[in-house]
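*Asks:* Shown below is the structure under consideration.
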Amino acid sequence: MSIALRKGSVAAYDQIDALLKQLYLCTEKQQIDSLFSESKISDYKDRILLLYKCMGVEEVCSTPEKISDKDEYEFECAVFVEGTWRLLNERTVSPTS
């Protein structure tokens, strides 16, 4: 995924947009893992960035202790599946007139 972003092509952005739309529909960790595997995204940092983008995360405060990328990914998946971010995003979207 990082390589596609560095290229900056329209096709790469379209591919990421399509992936985010599919990710938004995931409600279980197994679905998230399968989507990333099918999309050949194995790097945990890339997976985390996509989860953040889908959840509308703008800023992340680090923990005082260092955790592995895998542990961070597991945590972010749990946050994603829990779903409160969906409600928060609905409140920030302004209604169209």
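*Asks:* Give me a count of the residues in segment 19-41 that are open to solvent by 60 Å² or more (accessible area, probe 1.4 Å), hydroxyl-bearing (S, T, Y) and not in a helix (DSSP H, G or I).
*Replies:* Total meeting the criteria: 1.
*Asks:* Moving on to the next point. May I ask you to list the residues in segment 47-68 that are assigned to a helix (DSSP H, G or I), out of contact with any Phe, Trp or Tyr (no Cβ under 8 Å at 6 or more places or on another chain) and either farther than 17 Å from G83 by Cβ or open to solvent by 80 Å² or more (accessible area, probe 1.4 Å) (or both)?
*Replies:* L49, K53, listed by residue number.
*Asks:* Read through the list (1) surrounded by fewer than 11 Cβ atoms within 10 Å (Cβ to Cβ); (2) among the hydroxyl-bearing types (S, T, Y); (3) in contact with a Lys or Arg (Cβ under 6 Å, 6 or more places away or on another chain), then give the number of the only condition that Y44 fails.
*Replies:* Failing condition for Y44: (1).
*Asks:* If you check every pair at least six apart or on different chains, which have Cβ atoms under 8 Å apart with a residue in segment 46-57 that is among the charged types (D, E, K, R) first and a residue that is assigned to a loop (DSSP other than H, G, I, E, B) and open to solvent by 20 Å² or more (accessible area, probe 1.4 Å) second?
*Replies:* As it stands, the answer is D46/M1, since those pairs meet every condition given.
The values are calculated or read from the model by the stated rules, or taken from the named source; none is laboratory data. It should be emphasised that the depicted structure is a prediction, and the values quoted were computed from it without experimental measurement. Virtual Cβ from ideal backbone geometry, glycine too; neighbours counted across all protein chains shown. Only protein heavy atoms, including side chains, enter the accessible area calculation; ligands, DNA and RNA are left aside. Shrake-Rupley method; radii C 1.70, N 1.55, O 1.52, S 1.80 Å.
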